[in-house]
Every structure is written in C-alpha cells, then in structure tokens.
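Below is one structure; the comments refer to it alone.
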Amino acid sequence: MPAYELNGKTYEHDEEGYLLDVNQWNEELAAILAKGENLPLTSEHWEVIGFLREYYNEYQIAPAVRVLTKAIAKKFGPDKGNNKYLYELFPYGPGKQACKIAGLPKPTGCI
Amino acid sequence: MADFQIPVLSDEPAEFVPELQPGTMAHLRPFVAKPDHNVPLGFPGELVDDWKDKAIGRMGDLLNRYRSLRVYLDSCVKCGSCADKCHYFLGTNDPKNMPVARQDLLRSVYRRYFTTSGKLFGPLVGARDLTQEVLEEWYTYFHQCSQCRRCSVFCPYGIDTAEISMAARDIMDHVGYGMKYCNEIITKVHKIGNNLGLPGPALQDTLDGLEEDVKDGTGHDVKFPMDVKGAEVLLVTPSADFFAEPHVDGLIGYAKVFHQAGVSWTVSSYASEAGNFGMFIGSYEQMFKISNRIRKAALELGVKRIVFGECGHAWRVAYSFLNTYAGPWDFLDPRYPVPQHILEFTNDLIRNGGIRLDKDANSGMVLTVHDSCNVARASRMGNVPGGQFSVPRDVIRACVPKFVDMHPDTIHDKTFCCGGGGGLLTDDLMELRVKGAKPRMEALKQVIEQQGVTHMAAMCAICKSQFTKVLPYYGMKMDMIVSVHGLVSNAIQLGVNKD
C-alpha cells in the first residue's frame, strides 16, 4: 500500500492519495496533502478543513454540499456560505478535494 | 486543466465519423477492486490462480442462464450499423470502442470454447484462446462501455452490447477481477444503506437542514420525513439527492410537490438508495439483494405506494425488474403503478390541477433536456408509448417560459449517454468521461448558439454529476445543469388551492 512519510512515520493512502485511517491525520500531514494538490493553504482553507473534521467525527461521513455551505455561512459569515466560494478555495470540488486534505475518505456514489 | 487532449466540438452533431486511432484508449482502466470490496459481495478477494477455467465456467453458466446472451453472441453479421453510434468511440476514435469490436472481445472467446467451428478452426472463424492479454483487454474495454444501449437501437438484429458488457463484468467479478468503484459502492449499500455511505443520523441531520432552508425561503412547513411509519408514499431516491448539487434542488422539488398535493411520504434510512449498481456489474444476485431492501423498508413502514426519484438506472431496474426481484407488491395500493416515477406523479398533478406552477419563477431560462439512457431505452413513464420522453418534457414546459429540443439524432431513443453511466462515474476514468461526453456537448452547444438555450435539465443523478464535472472542460458552466424537479421547486405555488 502506498504511504506518505512524515517525521519518520508512514501514513497509508489509497490509489488517489486519500488517507486510509482518518485518525492518523494531523495538520502537518494536511500541508503535505495540499501540496500534492498544488494548493497553498490559507486560513480560509483551514476553516473548511476544521468543519469537515468536526462533522466527520460526529456523523462518520463528509457533510452534504448544502450542509457545508450553510455551516460555513453560520460560522464564518454569509459571504462565505456558497458553492462558488468553496470552489474557489478547492477548485477540484469541495466534496472531494477538501475531504482529501482533511483526511476524510473519498465520498462515493453518483456524485 | 487536463493531462489529455480535450476533443474539439464539431458544428454537426452526430454526423461526424472520426478517423480511427487504434489503441488510443488502451492505457485507461479503472482501479481494480480490493478484497475489502469483493469478499462481502461473495466474489474472490483477488484474481484467482485458476482464473481461466473459472472464467470459462462462469461464461457457460451465463450462457445457460440467459438465452439472450447466446443469441447476441451468435447473431452479429458485421454489418457496421453500430460502428459509429457509441459516444465513447465518437469521443476517443479508438476502434475497440466500436460496439461490434467490444462485443467481439467476448464473442471470440465464446466461439473458441462454446461453438464447434471455433473449437475446430480457431482463429479462422474469429475464435481465440482466453489469455492474460485477453483478460486485460476485457478489463480495459468493458469498462469503457456505459451500457447505454444506443448501439442496440441501430442494430438490425437488436444485439444488446450492454448485456454483453454486463456478462463480461460478471465473469471478471467471479474470478476476483472486478472494478473498485462499483464494488466498493455495493458493499456500502449492504453495510449502510446507500451508495454514499450516509448513515441514518447524518441523513436525518441533512433532511432537518433542508426543512429549515425551505421554511426560511418560502415560509411554508414543507417536511422531509425519514422512517415515518404509516406514510402513504415511500420515496426511493438516489443518495446523491441528499448530498450533491444540483441534485438536492430536485429533492426539494419532490418534497414541495408532496406537500402541496397533501400526500404523506417518507424516505427510509434502510433503503436510502434508488440506484442499483448490481446492474452495472451484471450481477443478478446483487440486483436482487438491493431491490429487496426496498421491499423490506416498504413492509416495515407500512406504506401504500412506492415512488422513485430522478435516477436513470434505478428507474430501469425499478420499472423492468422490481416485480421479478422483490414482488409481489400485493400489499400496496393497486390504484397506482408499482413503482411510480416522481415525474409521473408530478405530471399527473399538473394535469389535474393538484399543483400550480408559475413559469415566471424561472424567467430568463431557456431549457433543453437530456434524455437519460436508461430512462429512454429501457423503461417508460405514464400510460402511453413514448411517455418516458413526453412526461419529462411536459413537466419542464409547465415550469419554464421556453423549451427547445436538441438535434433529433441525439434525443429520445437516440439519446447519447452523458459519458458517466454504467458505473464509470469515477475520477480514475475522467479522460473517458470527458471524451465520451463529446457528442452530447456538441448537440448542447448547437442549441446554445442557435436557440439561446441557457440550461439543460437532467433526470438522473449520474448525468447531473457527470455534466457538472465535464462541462467546464468544454468551456461551459457547471451550473447550466439543473434537476427537472429543481425547476418544479422554483415554479410551484405553495399554499395555492389549500392551507
């Protein structure tokens, strides 16, 4: 199984770079994951990543797009609570790219 | 944007036959399923040592089980009618993506082991041994078929490539060589109840949020009920409707229609998926098991009707096979079709005045519609032939100021696949998805330029996700794609005629 290496520790991931164990995630690792996506992380990215982690801990799944936009609007202001803003932050789609950097499993299905 | 060449769109949709580029898609194949995805489905964890004997054995089983498969493998006369009808061929130029060539991948092995002439004369009659190379070719090119059945419309013998493709995938699964995307998803359905892996509490939270949104937006208490016993209707919808855009606008539309019609309804957290990926891998057993989740939920909740949301292959399985797999439905209300499509449900209400729509709510929009392959070529809606074409159009026309159809060779039963059907809606096949969308993109571009079309409505979760993803590759905006019931959601007059 392929793996990321950080500070002498290995972190296994799948074919597309999603972490296999969500509990192994840490912020340093997120930076490596983001680098693989050519995405410099700003405080706005961290806001989204933080919410994804929180939601996953409670529900064992990434939030639906609408749940995410609504929560971001509530927490960080209405100008951030829309799809366009999230796509600007994560051009490959908030659902997949943001999940990957947050260490969540890739959402599957007809999405 | 992409590490492959994006096709250039032609101005003449469906009339351009590409030059052959042999082997141009030989490099592209989906990730192979792992033991975690295979074993729960009863398949070997990985490719078994005696895969060749097992594969031939399984082919024999299928030939005995499905007479149609043998007829399809026997009857091709190489007339060429199908050659330029596949969107993947038109988009990739790879001759192995011609339907006849795809069929021949399996047909050649069938001839070698199951026909007298093939056993005696081998390559002289187009027969070939099953080798590792052939298996790899199967894996590559049977995962470049979306089982959309457009080619079969043009075949004078009615040979159904989809069925051949399904058989090939079933054989590969039985030797431990299935695809990750489909098998991982089916494993999730059995474990959690839907393709997404959305557990009950997350679904409840999502539905509560939608209730709040609609209340904020309209002032009306439109409910999104889950696991409510005694509801009249069980709504079975693709889990993407809970999760993605523009799918969720469709779900909101269904809820508003139920609300306004005064019909109680519920989703089930146990059967929270309409899509049945068992079909994509050609597995009778998986289709059976997934279908029976719906039966179990309907019985437990004591519903009287089953309505399916906007999902193409779900509707094919529901319309064509649900009774065989999970019937009899004698506990449901016999006055209604079992199952019923949400578009039939809404269209009936529009016709009898049960709901009212205001086209001005969608002012400025010029709509066209993408007929989903499985709806168009494998099912029907309403009680007249061709209802699967007229019912969605009637609903759309009732919601928007202007509707136009795309080129006649690309709609109704000649519709092109979106490029992501048949279990290919996965990122590892993005190159195929973008290239396979080319014929639909050409037809869409034509009506945008000539008729001022602003949006394309879709009635399938896969189509919606696929177009949202590939439109930007062709310079078009992802939010051009709307759910049919997203239009209904905008136009429906809540509180009129009641409250």
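Every read-out reported here was derived from the displayed coordinates using simple, explicitly stated rules and does not represent laboratory data. Since this is a predicted model, take the numbers as computed values, not measurements. Cβ atoms come from the backbone with ideal geometry, glycine included; neighbour counts cover every protein chain shown.
Per residue of B:245-256, other chain Cβ atoms within 10 Å of the residue Cβ number 2 on average. Three principal axis extents of the stretch B:352-456 based on alpha-carbon atoms, in descending order, are 46, 33, 25 Å. Other protein chain C-beta atoms within 10 Å of residue C-beta, averaged over A:99-108: 3. Counting pairwise Cα distances across chain A, what percent come out greater than 17 angstrom? Distances greater than 17 Å cover 50 percent of the Cα pairs.
Long hydrophobic helices in chain B, taken as whole DSSP H segments with a C-alpha length of 15 Å or more on their own axis and mean Kyte-Doolittle hydropathy at least 0.0: B:247-261, B:387-399. If the reach is capped at under 19 angstrom between alpha carbons, list the lysines near B:K296, excluding any in the same chain fewer than eight residues apart. Correct list for B:K296: B:K188, B:K191, B:K229, B:K304. Bridging of B:K402 to aspartates and glutamates at a Cα separation below 19 Å is possible for B:D358, B:D360, B:D371, B:D394, B:E449, B:D479, once same-chain residues fewer than 8 apart are set aside.
If every alpha-carbon in the protein assembly as shown counts as one equal scatterer, what log10 I(q)/I(0) does Debye give at q = 0.07, 0.10, 0.11 1/Å? Summing over Cα pairs of the protein assembly as shown leads to -0.42, -0.88, -1.08. Treating the angle as unsigned and between 0 and 90°, give the value, to the nearest 10°, between the Cα long axis of helix A:43-59 and the longest Cα principal axis of chain A. Result, in degrees: 80. Peptide packing: for B:481-492, B:388-399, the average count of neighbouring Cβ atoms within 10 Å per residue gives the ranking B:481-492, B:388-399, highest mean first. Each of B:H143, B:V100, B:P199 was scored by the projection of its Cα onto the charge dipole of the protein assembly as shown, and the greatest displacement toward the positive side belongs to B:V100; charges sit on the C-beta of Lys, Arg, Asp and Glu. Amide hydrogen proximity for B:I481: with H placed 1.01 Å from N in the peptide plane, the residues at 5 or more positions away or on another chain lying under 5 Å are B:M456. Residue by residue along B:202-214, Cβ atoms of other protein chains within 10 Å of the local Cβ number 3 on average.
Peptide packing for B:145-157, B:69-81 was compared via the average number of neighbouring C-beta atoms within 10 Å per residue; ordered from the highest value, the list is B:145-157, B:69-81. Counting only the Cα atoms, the stretch B:99-252 fills a convex hull of 178 Å³ per residue. Considering only beta bridges that DSSP places wholly inside chain B, some 10 percent are antiparallel. Axis angle, to the nearest 10 degrees, between helix A:27-36 and the longest C-alpha principal axis of chain A: 90 degrees. Here the protein assembly as shown is treated with +1 on each Lys and Arg Cβ and -1 on each Asp and Glu Cβ, and its dipole about the Cα centre works out to around 1580 debye.
Here the dipole of the stretch B:260-391 is about 200 debye; that uses its Cα centre as origin and unit charges on the Cβ of Lys and Arg (positive) and Asp and Glu (negative).
Of the residues A:P63, A:G17, A:P40, the one whose Cα sits farthest toward the positive end of the charge dipole of the stretch A:3-101, with +1 on the Cβ of Lys and Arg and -1 on the Cβ of Asp and Glu, is A:P63.
What lysines sit close enough to B:K119 to cross-link, taking a C-alpha to C-alpha distance under 29 Å and skipping anything fewer than 8 places away on the same chain? The reachable lysines, counting only those whose Cα sits under 29 Å from B:K119, are B:K52, B:K54, B:K78, B:K96. Working from Cα pairs under 8 Å separated by at least six residues, relative contact order for chain B is 18 percent.
Summarising the strand pairing of the protein assembly as shown, around 30 percent of its internal DSSP beta bridges are antiparallel. Using Cα-only point scatterers and the Debye equation, what is log10 of I(q)/I(0) for the stretch B:402-481 at each q in 0.13, 0.16, 0.22 Å⁻¹, rounded to two decimals? The Debye formula, applied to the Cα set alone, gives -0.36, -0.55, -1.05.
Once C-alpha pairs closer than 8 Å and six or more residues apart are averaged by separation and normalised to the residue number of the stretch B:266-314, the relative contact order reads 43 percent. Computed over every Cα-Cα pair of chain B and binned at 10 Å starting from 0, the pair-distance distribution P(r) comes out as 4, 20, 30, 26, 14, 5, 1, 0 percent.
If a/c stays under 1.5 just call it rounded; otherwise compare a/b with b/c (prolate if a/b is bigger, oblate if not). Do that for the stretch B:35-184, with a ≥ b ≥ c from the square roots of the Cα gyration tensor eigenvalues. The shape class here is oblate. In the structure displayed, which of A:K75/B:K223; B:K359/B:K435; B:K180/B:K469; B:K180/B:K256 lie more than 32 Å apart, Cα to Cα? Exceeds cut-off: B:K359/B:K435; B:K180/B:K256. Positive end of the dipole of the protein assembly as shown (Cβ unit charges, origin at the Cα centre): among A:G109, B:S75, B:L62, the Cα lying farthest that way belongs to B:S75. When each of the peptides A:90-99, B:314-323, A:71-80 is scored by how many other beta carbons lie within 10 Å of its residues on average, the order from highest to lowest is B:314-323, A:90-99, A:71-80. In a reduced charge model with +1 at each Lys and Arg Cβ and -1 at each Asp and Glu Cβ, the stretch B:35-184 shows a dipole moment near 680 debye about its Cα centre.
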